[in-house]
Amino acid sequence: MKGVSVMSPVGAPSTTSRSEPNDGGDSSPLLEVEHLSVRFPVKSGLGRPKKFVHALDDITLHVGRGETLGLVGESGSGKTTLGRAVLRRAPIASGTVRFDGQDITHLEGESMRQLRRRMQLVFQDPYASLNPRMTILELVAEPLVVHGMARKPEDARHQVADLLERCGLPTDAIDRYPHAFSGGQRQRLALSRAFLKDAPLLLLDEATAHLDAENARLIRDAIARLTAGRTVVSIAHRLELAASADQVIVLEQGRVVEMGAHADLMARDGHYRRLAASFARGAA
Ligand SMILES: Nc1ncnc2c1ncn2[C@@H]1O[C@H](COP(=O)(O)OP(=O)(O)OP(=O)(O)O)[C@@H](O)[C@H]1O
Ligand SMILES: [Mg+2]
């Protein structure tokens, strides 16, 4: 694992270095976001000047290969927008996004399509993402078929069964439909699909936000097993996911207000600790 480095809001770089070798032997960060700002145009009356929501303001962060970055902040602080901007699904007003050494800020067309295969976003709402008319085998194997890694779902039966097991799901469920699963199980299925695509960068958005404590724990275990050695940006509503990340960034109104390792942040009387306290009260 390598370091995640983040520019603090006052501009002082901070790097966490680790001694483990990285997988590809490439020491450059996988993801580099520099001075990124995102503005959404909002409707204003006819003839009035155009208005914008400043969703992100001057964000700089680097994520090393095999590293996990936890992104936390109150509702509306810009977490999802940051994930979307990295995927180039939010309007970038200024700054740059580099992925695997390539400036992707203005990439378009086929190059953009190719790039999106290499970054997987796991959505906030697991219910919306599983087609109820497909079996679990078809659903989970679909990305392999789409990317030409299997001719038909049946060819990937072993791989899918193995993945279900790693996600703590019954392997005999492989021919069932999504409705036969609980919300938590469905979320783990959605997760397993994203992981099977083998994308170098995974963006997990609010993976445990809608779950009860037991399902949240199962998801965290599945994530820990599936993310080992992968590069992950994990947007967390509950802090448990951030706690296991190599580095955490706290966003507030579209700005980075604090960053560091979970233990260091908890030792400080700062934004992170206040956020943790408000989560514990169920207020955020
Ligand atoms: N498509 C959009 N058009 C206009 N404003 C938007 C759009 N998407 C997000 N915003 C605004 O950008 C800000 C950040 O939103 P974002 O969804 O990134 O927050 P978040 O941190 O993910 O919140 P939550 O924890 O509730 O998911 C908010 O003020 C939001 O209203
Ligand atoms: Mg969000």
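The values are calculated or read from the model by the stated rules, or taken from the named source; none is laboratory data. Since we're looking at a predicted model, the values are computed, not measured. Note that each Cβ is placed from the backbone with ideal geometry, even for glycine, and that neighbours are counted across all protein chains shown.
Between a first residue in segment 80-100 that is within 17 Å of GLY70 (Cα to Cα) and a second residue that is within 16 Å of ligand 2 (Cβ to nearest atom) and not hydrophobic (A, V, I, L, M, F, W, C), which pairs have beta carbons less than 6 Å apart while being 6 or more apart in sequence or on different chains?
Qualifying pairs under 6 Å: THR80/ASP205; GLY83/ASP205.
One residue is enough: does segment 111-129 have a residue meeting the conditions part of a helix (DSSP H, G or I), surrounded by 22 or more Cβ atoms within 10 Å (Cβ to Cβ) and free of Cβ contacts under 8 Å to residues at least 60 places away in the same chain?
The answer is no, given that none of the residues of segment 111-129 is part of a helix (DSSP H, G or I), surrounded by 22 or more Cβ atoms within 10 Å (Cβ to Cβ) and free of Cβ contacts under 8 Å to residues at least 60 places away in the same chain.
Any chance segment 156-174 includes a residue that's within 30 Å of LYS51 (Cα to Cα), without any contact (Cβ under 8 Å) to a residue 24 or more places away in the chain and not basic (Lys, Arg)? Steps first, answer last, please.
Applying the first criterion (within 30 Å of LYS51 (Cα to Cα)) to segment 156-174 yields none.
No, every residue in segment 156-174 fails to be within 30 Å of LYS51 (Cα to Cα), without any contact (Cβ under 8 Å) to a residue 24 or more places away in the chain and not basic (Lys, Arg).
Applying the selection to segment 242-284, what residues are within 13 Å of ligand 1 (Cβ to nearest atom) and touching a Ser or Thr at 6+ places or on another chain (Cβ under 6 Å)?
Answer for segment 242-284, where residues must be within 13 Å of ligand 1 (Cβ to nearest atom) and touching a Ser or Thr at 6+ places or on another chain (Cβ under 6 Å): LEU251, GLU252, ALA284.
Filter segment 55-102 down to the residues that are of a type in the set (Gly, Ala, Ser) and touching a helix residue (DSSP H, G or I) at 6+ places or on another chain (Cβ under 7 Å), then identify the one that is surrounded by the most Cβ atoms within 10 Å (Cβ to Cβ).
Only one residue fits best here, namely GLY70.
Going through GLU165, GLU138, GLU142 one at a time, which residue ends up being modelled with pLDDT of 80 or more and closer than 17 Å to THR227 by Cβ?
Matching residue, one of GLU165, GLU138, GLU142: GLU165.
Regarding LEU36, is this residue modelled with pLDDT of 95 or more, more than 16 Å from ligand 2 (Cβ to nearest atom), within 25 Å of PHE279 (Cα to Cα) and of a type in the set (A, V, I, L, M)?
In short, no.
Please identify the pairs in which a residue from segment 227-239 that is on the phi > 0 side of the Ramachandran plot and touching a residue at least 24 places away in the same chain (Cβ under 8 Å) has its Cβ atom under 9 Å from the Cβ atom of a residue that is small (Gly, Ala, Ser) and assigned to a loop (DSSP other than H, G, I, E, B), counting only partners at least 6 apart or on another chain.
GLY229/GLY66
So ALA90 ticks every box in (1) in a loop (DSSP other than H, G, I, E, B); (2) more than 16 Å from ligand 2 (Cβ to nearest atom) but one. Which box is left unticked?
(2)
Can you tell me how many residues in segment 52-76 are near ligand 1 (Cβ under 7 Å from one of its atoms) and either over 11 Å from GLN253 (Cα atoms) or modelled with pLDDT of 95 or more (or both)?
Going through segment 52-76 one residue at a time, the tally reaches 1.
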